[in-house]
Amino acid sequence: MPQDSDFSGIPGLTPQEAATRLAADGYNELPSARPRTVAAIAWGVAREPMFLLLLACGTIYLVLGNVREAIMLLCFVGVVMGITLYQERKTERALEALRNLSSPRAQVIRGGQTQRIPGREVVRGDILILAEGDRVPADARVLASSNLEADESLLTGESVPVRKRAHDAGTAETPRPGGDDLPYVYASTLVVQGKGLVEVQAIGVHTQIGHIGRALQTLKQEDTTLQRETARLVRLFAIIGMILCVLVVVAYGLSRDDWLHGLLAGLATAMAILPEEFPVVMSVFLALGAWRISQHRVLTRRVAAVEMLGAATVLCVDKTGTLTQNRMSVRKLWTSGGYLDLDSTGGVLPEAFHELVEYGILASQRDPFDPMEQALRGQGTKALSATEHLHDDWVLGRAYPLSRELLALSHVWRAGRSEHYVIAAKGAPEAIFGLCHLNEAQEQELMRNVTMLASEGLRVIGVAKAQFRAPDLPQQQHDFSFEFVGLVGLADPIRPSVPEAVAACYAAGIRVVMITGDYPVTARSIARQIGLKPADAVVTGAELDAMTDADLRERVKAVCIFARMAPEQKLRLVQVLKENGEIVAMTGDGVNDAPALKAAHIGVAMGGRGTDVARESAALVLLDDDFSSIVAAVSVGRRISDNLRKAMSYIVAVHVPIVGLSLIPVLLQWPLVLMPVHIVFLELIIDPTCSIVFEAEGPEADAMRRPPRDPKAALFGRSTIVLSILQGIAVLAIVLAIFLLARSLGLGEAQARTLGFVTLVISNLALIFTNLSWSRSAVAVLRLPNPALWWVVAATLVLLGVVVYVPMLSGLFRLEKTEVRYLLLSAIAGVSSMLWFEAYKRWYR
């Protein structure tokens, strides 16, 4: 390859040719997604059932004159609109992150002159000069190379850089990235070693990273199970509410010939049955859940995924940077004296291994980009700093580059004024054996050690040394008399917290699947270290491409390691798992993970090492890159699911007696038991109870010791709804019994209404206690810390006393002061309404 200053024979494109191609092909960047207009977004939101329910409830409250309630509900309309607008911007931000990442500065030859231009102005056919530390601006063919290596982990997930070679006539069209000796470099990858001269083949959307951008642009985020179920319940209750409203109006009008009061009674019935708390509770639970998860250093980007995380059945993890630290380290050394496991020695380096590390460092750059050279330099700095084996004062005389024919490089050093040279070589073990001119028996013996290290998932390099005294250095490395020094085994170490986190996932019934672009042997080694099961079966990218979707759906049920995966293959795996009925969480940190992160039910990006595009495509971001935070987030997700189900059950249960007390007196021509003002009073209890009290309840004892709920089973299943309705019917029966008893004792209409209302309010409080835990008794719930519960109970009892005993308010509520003994009877009856459910819980346990 020519030196930097000698490119006179390479004219490159002329400025006119470059301008013509730029006009024809456009800039080297990803195209912006066409944003939806505000009007289109608003129309989409307006058709959502939850939006219509909030709007209808707000309108009803306005008609009834309850302005505060109306304003509150209409404010939630604005919140829904704002959340939707935010979600619509996510795709655009992901694409913007891709554009920023894929447009570095570029050193280009045009008209025979070397110049630096913005990466977005690179065109097809441009000749680029790449050097250590450069970000590649476009997919390009390698024309010349000197020790050129690139870090392609953003695209492939490989933990080590890959070697590049010059293009020859036999090379086919641009292949996928991944593996050594490809004559192509790819946009957004990083040159970590050497230099190269390349010719641009593809720009913008036609690059490999552009394919990822197109996949992101076409993926649509699905509604979560919670959103779908809530919408279904809301539609059901809305239909029932409309029917009953009309029925009450007609029945009241025909039986009493009073259509105005019939309309008011119908509206009261509609208010009683329309569960406006559903969307409100869901918003509050998920918002507070996002805050609780943030306490575990997890940022929530898509709020609905908070609850979904608790239902996750499969956790797909990228290896590099997620399970591992994305930082190479020296793991094992071998010399003629035997092996050294640096993990077991705490990094202490015995004298017998000093020479191996010394010559490994001499064969590396002084200020390396290459992670393996960084690992060697770091090990030497730590272990050899007080010895004579570090030579920062030596002068580099010549570097013999690695080539396709000889996968080894050599550095020639002069020690001060010494007349002799010291040569250090490192590279593929087979290449180093060749440089040392070992016989077949020696090579076979050494290869057994190489195989043993490689079987542990280590990247193995050989190290050799030589001395030379002649004034003129030879033209090739083989002319030195090398002596074999030893083997170095390097690995990308796992994060210390990962094994415990994986075990916790298994305990919680969550299956862990590793999807990586690295080699199968490395993936197996990592799987064994973190406790992944089974750790022997592996499917490669090539094998996956040969499978039909039906075959793959069966294969993913038994295999948890997928190696040499391209981005589109990761995406296909996530989609197949979803087709199998799994709730899929996907973790990752690279650009190659972005489509799968967005396609998964819950995308979890790494915040520290993760790329912008990965974070923008994910629903959750681990701010400290700690894999164990996922376990804490799952626990919070399960707590939210449990408490949300309890809150929804309470809402259904408490609405049954309200509906019954609004409907039955009309049909049986009794005096009205509940007026709109009573229902508003009850809403003052229901809203803070289900929004604050149930949300603040702690997790169930077995939250992380039970499997995830069946993804095919509804969060609010038939049995849950039936039990809730039965609780409500029990309350309704007791309230009606108290009302009729009062009438039979000769009490007036207002006093009977008072006793019925007191019974209903106390029953409401009983429903709170019994539904706070479906696995513990109400008595046990009393001992649990939940300050919000006691604030709600105290406020309710105080307000109840005020409306019963303060004449002005009792008149508004159409209540009348009653003897204490009757009030005690009502209170006892209200508490007794939960006894049957307490017995059921005890029997069910």
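The values are calculated or read from the model by the stated rules, or taken from the named source; none is laboratory data. For clarity, every value in this text was computed on a predicted model and none was experimentally measured. Cβ: placed from backbone, ideal geometry, glycine included. Neighbour counts: every protein chain shown. Remember, those area values only see protein heavy atoms, side chains included, never the ligands or the DNA or RNA. Shrake-Rupley method; radii C 1.70, N 1.55, O 1.52, S 1.80 Å.
Table for the structure above
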| item | result |
| --- | --- |
| Local net charge near Leu544, Cβ-Cβ under 11 Å (Lys/Arg +1, Asp/Glu -1) | -1 |
| Estimated vicinal HN-Hα couplings, Hz - the stretch 532-539 in sequence order (Karplus 6.51, -1.76, 1.60; Gly, Pro = x) | 6, 10, x, 9, 10, 7, 9, 10 |
| Relative contact order (percent, whole number), the stretch 400-452, Cα cutoff 8 Å, 6+ residue spacing | 25 percent |
| Mean Cα-pair separation over length for the stretch 661-815, i.e. relative contact order, pairs under 8 Å, 6 or more apart, % | 28 percent |
| Extension gain, Ile240 back to Thr14 (0.36 nm per residue minus Cα-Cα distance, nm) | 73.9 nm |
| Cross-link pairs beyond the 26 Å C-alpha cut-off, checked among Lys382/Lys426; Lys319/Lys578; Lys319/Lys465; Lys570/Lys646; Lys319/Lys598 | Lys319/Lys465; Lys570/Lys646 |
| The stretch 361-438 - percent relative contact order, Cα under 8 Å, separation 6 or more | 23 percent |
| Protection proxy ranking of 357-363, 829-835 - average other beta-carbon atoms within 10 Å, highest first | 357-363, 829-835 |
| Summed residue charge, Cβ within 12 Å of His391's Cβ, Lys/Arg positive, Asp/Glu negative | -2 |
| Peptides ranked, highest mean first, by Cβ atoms within 10 Å: ranges 795-804, 449-458 | 449-458, 795-804 |
| Residue-normalised accessible area of the stretch 456-611, expressed per residue, 1.4 Å probe, Å² | 35 Å² |
| Spin-label pair His478/Asn580, simplified geometry with 7 Å Cα→Cβ offset, distance in nm | 5.1 nm |
| Whole-Å distance, taken between Cα centres, linking the stretch 386-421 and the stretch 427-453 | 22 Å |
| Most to least packed among 392-405, 771-784, 370-383 [average Cβ atoms within 10 Å] | 370-383, 771-784, 392-405 |
